[in-house]
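Novice: Handing you a structure now.
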Amino acid sequence: MFEKTEYEILKFIQQKNGETTVEEIQKSLGLDHSAIMRNILGLEKKGFIQTSESKKILYHLTDEGKTYVMEGLPERKIVEAVISLGGEANLEETIKFSNLEKNLAEIALGWIVKKGWGKILREKEKVKIKVEKKPEEGIDEKILKKIFDVGEASLESFSQDELKLIDGLKRRKLIFEKVVVSRIVRLTEAGLTQLEKKIEFKPEITVLTSELIVSGRWREVKLKEYDVTAIPPTIYPGKKHFYLEFLDELKKIFVSMGFEEADGPYVET
């Protein structure tokens, strides 16, 4: 038997040249996701359609990332402040001139050295910063601007050089990753053949009420079959151990300060 909703789904897929997504079907028919998926599973079991999953990785800016796009990265602010102060200045003077918080400025020093934008000099108890020229726009800054301009950027939109810095920006909590899973629906030959047939639909219900029984209308409607063999979605309730979460957080802090992660033996001398 063929249901009206199933027919509408098949017709919509045909209009989309035989391939579309669950999201597009849902938007077109105006039904909730569970109803669409129930009918799609029924059509797939009958052999009228085939489904597959497509994963897409998207990157968004955090609030901190958006702020740095508009105002500049902390290391950029420090470098520009030192240049304005003559190319060499002590840390306290630079922090005051750049209007940065002290802890943020100290983290920025690690990135200045790592990027080769300047040198950190220590004279007695004072820390000085030396910058010879204004650095060109970095790849990480270009990545942030690219995401800022489009709102969200896909993994495929980045070059190989940019992809190497994506993880670093994630650890600095300037961008975050979002995995979007789309279910692709394709029309089969059997489904196409079914659409060519003349079909009559009977009203279909999922719940038999007392009103239907008393009025006798139960004879005019079709009760939807319940598929007891349908496999429910898999749920993974596991959670990372709290100590591993602590280690991950500790690692992010050190990386954000400019340290690099390295693998080594179980015991270091």
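The values are calculated or read from the model by the stated rules, or taken from the named source; none is laboratory data. All of these numbers come straight from a predicted model, not from anything done at the bench. Note that we place each Cβ from the backbone using ideal geometry, even for glycine, and neighbour counts take in every protein chain shown. Only protein heavy atoms, including side chains, enter the accessible area calculation; ligands, DNA and RNA are left aside. Shrake-Rupley method; radii C 1.70, N 1.55, O 1.52, S 1.80 Å.
Novice: When you check Glu225 against the structure, is it at pLDDT 80 or above and either in contact with a helix residue (DSSP H, G or I) (Cβ under 6 Å, 6 or more places away or on another chain) or over 30 Å from Ile57 (Cβ atoms) (or both), yes or no?
Specialist: Numbers: at pLDDT 80 or above: no; either in contact with a helix residue (DSSP H, G or I) (Cβ under 6 Å, 6 or more places away or on another chain) or over 30 Å from Ile57 (Cβ atoms) (or both): yes.
Judged against the criteria, Glu225 is not a match.
Novice: If you don't mind, another one. Going residue by residue through the stretch 187-196, is there one that turns out to be in a strand (DSSP E or B) and at pLDDT 90 or above?
Specialist: Here is the first cut: in the stretch 187-196, the residues in a strand (DSSP E or B) are 187.
The next check asks that each one be at pLDDT 90 or above; those that pass are 187.
Yes, because at least one residue in the stretch 187-196 is in a strand (DSSP E or B) and at pLDDT 90 or above.
Novice: While we're looking at this one, here's another question. Would you check if there is a residue in the stretch 57-75 being in contact with a helix residue (DSSP H, G or I) (Cβ under 6 Å, 6 or more places away or on another chain), under 30 Å from Arg38 (Cβ atoms) and either touching a residue at least 12 places away in the same chain (Cβ under 8 Å) or surrounded by 13 or more Cβ atoms within 10 Å (Cβ to Cβ) (or both)?
Specialist: Checked the stretch 57-75: at least one residue is in contact with a helix residue (DSSP H, G or I) (Cβ under 6 Å, 6 or more places away or on another chain), under 30 Å from Arg38 (Cβ atoms) and either touching a residue at least 12 places away in the same chain (Cβ under 8 Å) or surrounded by 13 or more Cβ atoms within 10 Å (Cβ to Cβ) (or both).
Novice: Which residues, counting only those in the stretch 1-46, are closer than 11 Å to Arg186 by Cβ, without any contact (Cβ under 8 Å) to a residue 12 or more places away in the chain and part of a helix (DSSP H, G or I)?
Specialist: The answer is Glu44, and nothing else.
Novice: Follow-up. Quick check on this structure: which one of Leu109, Leu187 is open to solvent by less than 50 Å² (accessible area, probe 1.4 Å) and touching a Gly at 6+ places or on another chain (Cβ under 6 Å)? Can you show your working first?
Specialist: Values: Leu109 fails: touching a Gly at 6+ places or on another chain (Cβ under 6 Å).
Matching residue, one of Leu109, Leu187: Leu187.
Novice: Are any residues in the stretch 142-180 open to solvent by 70 Å² or more (accessible area, probe 1.4 Å) and in contact (Cβ under 8 Å) with a residue 60 or more places away in the chain, and if so, which ones?
Specialist: Residues satisfying the conditions are Lys145, Phe148, Glu152, Arg171, Lys173, Phe176, Glu177, Lys178, Val179.
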